[in-house]
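Let me begin by presenting the structure, written as structure tokens, before commenting on it.
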Amino acid sequence: MGDPPRLAPLDEVAKFAAGLETQPLVCRASSHVWAALTSSVREVGGHLHWTTDCEQCETTRTIVYTLDGYIVTRRYNYPDGYRQRGMGMIGKHGRAVVRKEMFKRMLGDA
């Protein structure tokens, strides 16, 4: 097995979250809103590729299924500014920091 992913330091996550535009921040804090009605499904090489767009931040998700309905993989295409390369994975404590920034903005403390 490989090494576990490196978690992003919480102070870096806080700086990153503070610099995010509101829509990507909301998606990182509370998850995406997938637009099922504008999605597409196509068959490619014996698999179904179901692609949907987030209604809030323009992220695109493609889930690849077997013809029996099992998930093979998920792929995401994020808009510019959604990710911070080199920071490390945002774990559960980092997600709490992101939500704290969202609450701060919701309450008008930003």
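The table below gives the values:
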item: Any chance V97 is aliphatic (A, V, I, L, M), under 25 Å from T51 (Cβ atoms) and not in a loop (DSSP other than H, G, I, E, B); result: no
item: Which numbered condition P5 fails, given (1) modelled with pLDDT of 95 or more; (2) not in a strand (DSSP E or B); result: (1)
item: Among the residues listed as D11, D68, the single one being closer than 18 Å to I90 by Cβ, exposed (fewer than 11 other Cβ atoms within 10 Å of the Cβ) and free of Cβ contacts under 8 Å to residues at least 24 places away in the same chain; result: D11
item: Given (1) over 29 Å from G108 (Cα atoms); (2) modelled with pLDDT under 95; (3) basic (K, R), index of the condition R75 fails; result: (2)
item: Breaking point among (1) surrounded by fewer than 10 Cβ atoms within 10 Å (Cβ to Cβ); (2) in contact with a helix residue (DSSP H, G or I) (Cβ under 9 Å, 6 or more places away or on another chain); (3) not hydrophobic (A, V, I, L, M, F, W, C), for Y78; result: (1)
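The values are calculated or read from the model by the stated rules, or taken from the named source; none is laboratory data. What you are looking at is a predicted structure, and each value in this text was computed from that prediction instead of being measured. Neighbour counts run over all protein chains shown; Cβ positions are idealised from the backbone, glycine included.
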